[in-house]
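Presented below is the structure to which this report refers.
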Amino acid sequence: MRAIYPGKVIVPIRASAANDKKGSNALIAELANAAIWITGGRFELAQNLPVKVIKVPSINFHAFHPDLCYAEKKSANTLTKVHYNSQIAIWAFNNQIDTSDAVRLFNGSTFKALGYFDQWGANAERLKLSFRQNDFSDIEFNQFFLAVKRRGVFMHSVNHPSAETIVEFCKLIAIRLGADQGIVKRKIIIPDSLIGTIWPLYPEIGQELGLVGNYVWRIGNQEIEGLESYLDFAYQQYLEQGIQPSDLVSKWPIPHLDSVLNTELKKR
Amino acid sequence: MTNPYSTLQDYHFWFKAMTAPAPGHIDPVVKYKTIKATDKVSTMGSCFAQHLAKNIAKSGFNYFVTENPPPGLDNAEATKKNYGIFSARYGNLYTVKQAVQLFDRAFGLFKPDENIWRKDSVYIDAFRPQIEPNGFESKEQLLEDRAKHLACVKTIFEESDWLILTLGLTEAWRSKKDGAIYPLAPGVAGGLFAEKDHEFVNFTANEVIADLKDFVQKATSVNPKINILLTVSPVPLIATYENRHVWVSTTVSKAALRVAADEIEKIFDHVIYFPSYEIITSPASADRYFQDDLRQVTDIGVNHVMRMFFKHFMQEEAIKEIDKELSINSVIESNLDGIVCDEEEIERAIKQAGF
């Protein structure tokens, strides 16, 4: 938004800042001096303020990264230190599969059986719904979604849009704020602040989507190339966190994961 | 209230069929028929047909190869000599007229006058100039190999359950004497170009339609059970001899071939058009299906074509077998290795001549 409106004062506020009473009050005080509040939640805080509220959806899209999940150490009820995990890696870790064997679980056959190839339609619908719920019309959604879809992989992970995606989204908001439709064609380049963590589009999934994939992870500015390296990294993280096999659970469990991966292991 | 479009399926509508799906999910295949695991499947056509041939050969299909390497020839040497690239060693057949003449030569209906070229000290088969990388040492050796080759071609026509023909070009070089079509201009990979003997030809849509009809009728006359699958190569022309831009010539050429395939599919029940051309050139691919030279097709594009082919033409059981083989390596493995394109010889010849 700063790139679109360079002369305006734009203050970013973390959503979690208003998690407690003190934070909420501070935010209300901030909003009292603001003309516009662009927010994905806590709309009630602006109830008695003259600030104009622009509701925006979160951009979540799992079709490029269906294997990615959050996970927790079950016994401690805490998230893993590195928040992003592979569903397959978790299963392999819990079943004490050697990383060199676990590599073989990452293939087109497994992905197909796990439904990784069939995520596009449902995710596009879900995203459209979240736009609707925030008062964006389907025309506005299409203006955004079709523009980013043309560019290929428009997400770094399930909930981290690329900088170009964020720019397209901000253009929609700008139009809502009265900008001319011509802004859609304006070339706006911003630094990508989310490239510290990039989950790869696996090649087999890329192939299904007509896109080029790879097995290169970027986690905390560290680049991990290749499946076995990633699995070594993930196992090491879990062990360092004192997680024992079977104590690691995905926050987004896949019901038939166990049977699919067991079958796959037996094939070899 | 109803209208004529209200009961049509999703694939009739641009938004549902093109705009909305992921690029790799676009599926323009509407007409298809299952190829049984036991069916003999042959391939011929332009160099894009080699992608189909290569993938069919390693899939669950019964890839019908009639011309096999002689005993003792190792695999690398056999590949160099173009064994297994197509069902027989005919090399690339770019124009439909070439395919018709191949049939006629195999069945003894056409004996072109100029059929052997010299290149330095060796002999070149004018109808498959790249088939022997070092040429033939003698005329006799060439003729013997050709006779064996044409017998294999005959078997393809007589025994194939499916023949996949990929239409590549409309531009060709022709003998003025008897109309023989050469895959490469005389002088490029052998022989000598002479204006009195050779002429350039660019087949019109109507001429391609007539040739394709002739081809289908001839193939069916010797093998009534044959099914013919037509595709159009999405690979643009490497050069045009017409006095116009190569992209304009490409558009005209591909349009003529596409129209011909459409016309012939409407006439014959046993002819199906498979839209690999549309998959590769679709605006949804956003140029990801062409390499940086804007001409060669990328692996990911070929993979899209093959996925749609397997999905619609392969039996379910065979697809399951392919799924078993879907490993990381099989995806990353380059499909572009070993694709032989005669037209590239034009570029090489021009460079060698110092241009």
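Just to be sure before I move on: is B:T240 modelled with pLDDT of 95 or more and farther than 14 Å from B:L167 by Cα in the structure I sent? Working first, answer last.
On the way: modelled with pLDDT of 95 or more: yes; farther than 14 Å from B:L167 by Cα: yes.
In short, yes.
For (1) among the polar types (S, T, N, Q); (2) closer than 21 Å to A:K149 by Cα; (3) within 14 Å of chain B (Cβ to nearest Cβ), each residue gets a yes or a no:
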site: A:L49; (1), (2), (3): no, no, no
site: A:F61; (1), (2), (3): no, yes, yes
site: A:H65; (1), (2), (3): no, yes, yes
site: A:N95; (1), (2), (3): yes, no, no
site: A:D98; (1), (2), (3): no, no, no
site: A:D101; (1), (2), (3): no, no, yes
site: A:R104; (1), (2), (3): no, no, yes
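So is A:I190 away from chain B (no Cβ under 14 Å), within 19 Å of A:F61 (Cα to Cα) and modelled with pLDDT under 90 or not? Give the derivation first.
On the way: away from chain B (no Cβ under 14 Å): yes; within 19 Å of A:F61 (Cα to Cα): no; modelled with pLDDT under 90: yes.
It is false that A:I190 is away from chain B (no Cβ under 14 Å), within 19 Å of A:F61 (Cα to Cα) and modelled with pLDDT under 90.
For the range A:135-147, indicate whether the set of residues that are closer than 22 Å to B:F15 by Cβ, within 17 Å of the chain's Cα centre (by Cα), crowded, with 20+ Cβ neighbours inside 10 Å and facing another protein chain (nearest Cβ under 10 Å) is non-empty.
Yes, because at least one residue in the range A:135-147 is closer than 22 Å to B:F15 by Cβ, within 17 Å of the chain's Cα centre (by Cα), crowded, with 20+ Cβ neighbours inside 10 Å and facing another protein chain (nearest Cβ under 10 Å).
Does any residue of the range A:69-81 turn out to be within 14 Å of chain B (Cβ to nearest Cβ) and of a type in the set (G, A, S)?
Of the residues in the range A:69-81, the ones within 14 Å of chain B (Cβ to nearest Cβ) are none.
No: zero hits.
Is one or more of the residues making up the range B:147-162 exposed (fewer than 15 other Cβ atoms within 10 Å of the Cβ), more than 22 Å from B:A49 (Cβ to Cβ) and either without any contact (Cβ under 8 Å) to a residue 60 or more places away in the chain or among the aromatic types (F, W, Y) (or both)?
Yes.
For the range A:205-217, enumerate the residues that are part of a strand (DSSP E or B) and either surrounded by 19 or more Cβ atoms within 10 Å (Cβ to Cβ) or in contact (Cβ under 8 Å) with a residue 24 or more places away in the chain (or both). Break it down stepwise before answering.
The first filter runs over the range A:205-217 and keeps only residues part of a strand (DSSP E or B), leaving A:216-217.
Selection gives A:W217 alone.
Looking at A:L127, A:L172, can you tell me which residue is buried (at least 19 other Cβ atoms within 10 Å of the Cβ) and farther than 24 Å from B:H25 by Cα? Steps first, please.
Values: A:L127 fails: farther than 24 Å from B:H25 by Cα.
On inspection, the qualifying residue turns out to be A:L172.
Name the single residue that is nearest to B:A284 (Cα to Cα) among those in the range A:148-187 being assigned to a helix (DSSP H, G or I) and within 14 Å of chain B (Cβ to nearest Cβ).
Just the residues of the range A:148-187 that are assigned to a helix (DSSP H, G or I), to begin with: A:148-149, A:163-176, A:181-185.
Within this subset, residues satisfying the condition of being within 14 Å of chain B (Cβ to nearest Cβ) are A:148-149, A:164.
Numbers: A:V148: 12, A:K149: 10, A:E164: 19 Å.
Only one residue tops the list, namely A:K149.
Looking only at residues that are assigned to a helix (DSSP H, G or I) and not charged (D, E, K, R) in the range A:106-119, which one is farthest from the other protein chains (Cβ to nearest Cβ)?
To start, the set of residues in the range A:106-119 that are assigned to a helix (DSSP H, G or I) comprises A:108-113, A:116-118.
With not charged (D, E, K, R) added as a condition, the list becomes A:108-111, A:113, A:116-117.
Numbers: A:G108: 3, A:S109: 5, A:T110: 9, A:F111: 8, A:A113: 8, A:Y116: 12, A:F117: 9 Å.
Ranking the candidates gives A:Y116 first.
When you go through (1) in contact (Cβ under 8 Å) with a residue 12 or more places away in the chain; (2) outside any loop (DSSP other than H, G, I, E, B) one by one for A:R132, which number turns out not to apply?
(1)
Consider B:A239 against the criteria (1) of a type in the set (G, A, S); (2) under 24 Å from B:S160 (Cβ atoms); (3) assigned to a loop (DSSP other than H, G, I, E, B): it satisfies all of them except one. Which criterion is unmet?
If we test B:A239 against (1) of a type in the set (G, A, S); (2) under 24 Å from B:S160 (Cβ atoms); (3) assigned to a loop (DSSP other than H, G, I, E, B), just (2) comes out false.
For residues that are in a loop (DSSP other than H, G, I, E, B) and without any contact (Cβ under 8 Å) to a residue 12 or more places away in the chain, scanning just the range A:28-70, find the one that is nearest to A:V249 (Cα to Cα).
Here is the first cut: in the range A:28-70, the residues in a loop (DSSP other than H, G, I, E, B) are A:33-35, A:40-42, A:47-51, A:56-67, A:70.
Restricting the remaining residues to those that are without any contact (Cβ under 8 Å) to a residue 12 or more places away in the chain gives A:33, A:47-48, A:50.
Details: A:N33: 44, A:Q47: 39, A:N48: 43, A:P50: 45 Å.
So the residue we want is A:Q47.
The values are calculated or read from the model by the stated rules, or taken from the named source; none is laboratory data. In this text the structure is predicted, and so the values were computed from the model without any measurement. Counting neighbours? That spans all protein chains shown, and the Cβs are built from the backbone with ideal geometry, glycine included.
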